[in-house]
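Data first, discussion second: the structure below is written as structure tokens.
The values are calculated or read from the model by the stated rules, or taken from the named source; none is laboratory data. Here the structure is a predicted model, which is why all the values come from computation and not from measurement. With ideal geometry, Cβ positions are generated from the backbone for all residues, glycine too; neighbour counts draw on all protein chains shown. For accessibility, only protein heavy atoms count, side chains too; no ligands or nucleic acids. Shrake-Rupley method; radii C 1.70, N 1.55, O 1.52, S 1.80 Å.
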Amino acid sequence: MCTVVILRRPGHTWPLLLAANRDERLDRAWDPPAAHWPNRRGVVGGRDATAGGTWQALSPRGVVAAVLNRPGSLGPAAGKRSRGELPLLALEAESAAAGAARIATLDASDWRPFNLVIADAASAWFVRGTGSGRAEAMPLPAGISMVTAHDPNDLGSPRTRRHLPRFRAAPPPAPERDDWESWTALLRDGSYDPAIGRAETLAVPPTNGFGTVCSSLLALGAGGERQWLFAAAPGAAFTPVVI
């Protein structure tokens, strides 16, 4: 699974803050965020070298989209399209709301089960694809929401149960001062209760060829400002992405 945390603050100078850890097989090659798709002018995102899609990307209109697996659906499957297409399809829309509506018109059976987060400065959306029928889009409320392989803020997820209260209690980052310290520390947290197990861990250590491979911090401003910081390995320094 991966993790996406969103803070929505309507009316704030920075109405949308996002933090994400990408968990993946360690032998699956990828490229850091850049403009990898010549036919998608201005879209910047990390590129999966295997299928050519992305786990998270940002459009020049200030729309961000990130895809996550649902439980029991890690990896590709014969006859199914790559879920890395989904953020790119969402970013063809003018807004997060339009992107979510577009994904909800697609036949979800074309892909293995997925969770998709789509957001801009005006709204944020969770889109759930269960592998059959149409995907379902629902708005994310103001405040902090956490999405893992489960639905938003689902306390049935050990990771959400452990870390959602920590994000809600932490001081919000201040992008205008380049201050992301509170969220940086949380994204790097590899602790867990031994009685529960590593399903609680936010920064997954390498385990059987799988683990957290990279992290992102992203802010969208009310005036169109965009800020993306990227760490290319667990514990690595966050550096600005050219957008």
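Values computed for the structure shown
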read-out: Members of the range 149-172 found to be in contact (Cβ under 8 Å) with a residue 60 or more places away in the chain and over 25 Å from Thr130 (Cβ atoms), listed by number; value: Phe167, Pro172
read-out: Those residues of the range 207-233 which are over 15 Å from Val5 (Cα atoms), of a type in the set (A, V, I, L, M) and in contact with a strand residue (DSSP E or B) (Cβ under 6 Å, 6 or more places away or on another chain), in sequence order; value: Val213, Ala231, Ala232
read-out: Unmet requirement for Ser95, which otherwise passes all of (1) open to solvent by 10 Å² or more (accessible area, probe 1.4 Å); (2) touching a Ser or Thr at 6+ places or on another chain (Cβ under 6 Å); value: (2)
read-out: Test result for Ala121, in a strand (DSSP E or B), in contact with a Leu (Cβ under 9 Å, 6 or more places away or on another chain) and either modelled with pLDDT under 95 or open to solvent by 20 Å² or more (accessible area, probe 1.4 Å) (or both); value: no
read-out: Only listed residue being in contact (Cβ under 8 Å) with a residue 12 or more places away in the chain, aliphatic (A, V, I, L, M) and in contact with a Lys or Arg (Cβ under 8 Å, 6 or more places away or on another chain), chosen from Ala51, Ala57, Ala34, Ala20; value: Ala34
read-out: Condition broken by Trp14, with the remaining ones in (1) in contact with a helix residue (DSSP H, G or I) (Cβ under 8 Å, 6 or more places away or on another chain); (2) farther than 30 Å from Arg166 by Cα; (3) of a type outside the set (S, T, N, Q); (4) surrounded by fewer than 22 Cβ atoms within 10 Å (Cβ to Cβ) satisfied; value: (2)
read-out: Check on Gly223, surrounded by fewer than 12 Cβ atoms within 10 Å (Cβ to Cβ), small (Gly, Ala, Ser) and over 26 Å from Ala121 (Cα atoms); value: no
